[in-house]
Amino acid sequence: MKPRIAVLGCGYWGSNHIRTLKALGALHAVSDVNRARAEGFASEQDCLAIEPDKLFERADVDAIVMALPPQFHADTAVRAVEGGKDVLVEKPIALTVADA
């Protein structure tokens, strides 16, 4: 079974991850604070659009690719791991060594 991966952040880097995961057959969902942007990508890529706060509790999401502004990486990654998700954090992983 292929992993069901969500991309959190539908900006420039997020859109690259979305296209790559779609080509691999692993894109399950997209998520962004701009709901319309997420829904646009979901429609184009034939996947789900999930609100960011709901992403971490979804049983149908195995992993999350985070393409967020770096100041949000640490807290969001911790939340995802605590939700049982595998995580890829776009660089930089965090803004401080302690957060990393």
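Taken together, Ala94, Ala29 contain a single residue that is at pLDDT 95 or above, surrounded by 14 or more Cβ atoms within 10 Å (Cβ to Cβ) and among the hydrophobic types (A, V, I, L, M, F, W, C), which is Ala29. Only residues that are under 18 Å from Pro69 (Cβ atoms) and without any contact (Cβ under 8 Å) to a residue 12 or more places away in the chain were counted across the stretch 17-54, and they come to 1. Is one or more of the residues making up the stretch 69-89 crowded, with 17+ Cβ neighbours inside 10 Å, part of a loop (DSSP other than H, G, I, E, B) and not basic (Lys, Arg)? Checked the stretch 69-89: no residue is crowded, with 17+ Cβ neighbours inside 10 Å, part of a loop (DSSP other than H, G, I, E, B) and not basic (Lys, Arg). With respect to the conditions (1) farther than 19 Å from Lys2 by Cα; (2) in contact with a Leu (Cβ under 9 Å, 6 or more places away or on another chain), Gln45 falls short on a single one, namely (1). Within the stretch 1-27, the set of residues being under 18 Å from Ile50 (Cβ atoms), touching a Lys or Arg at 6+ places or on another chain (Cβ under 6 Å) and not aliphatic (A, V, I, L, M) comprises Cys10 only.
The values are calculated or read from the model by the stated rules, or taken from the named source; none is laboratory data. Nothing here was measured: the structure is a model prediction, and the numbers come from that model. With ideal geometry, Cβ positions are generated from the backbone for all residues, glycine too; neighbour counts draw on all protein chains shown.
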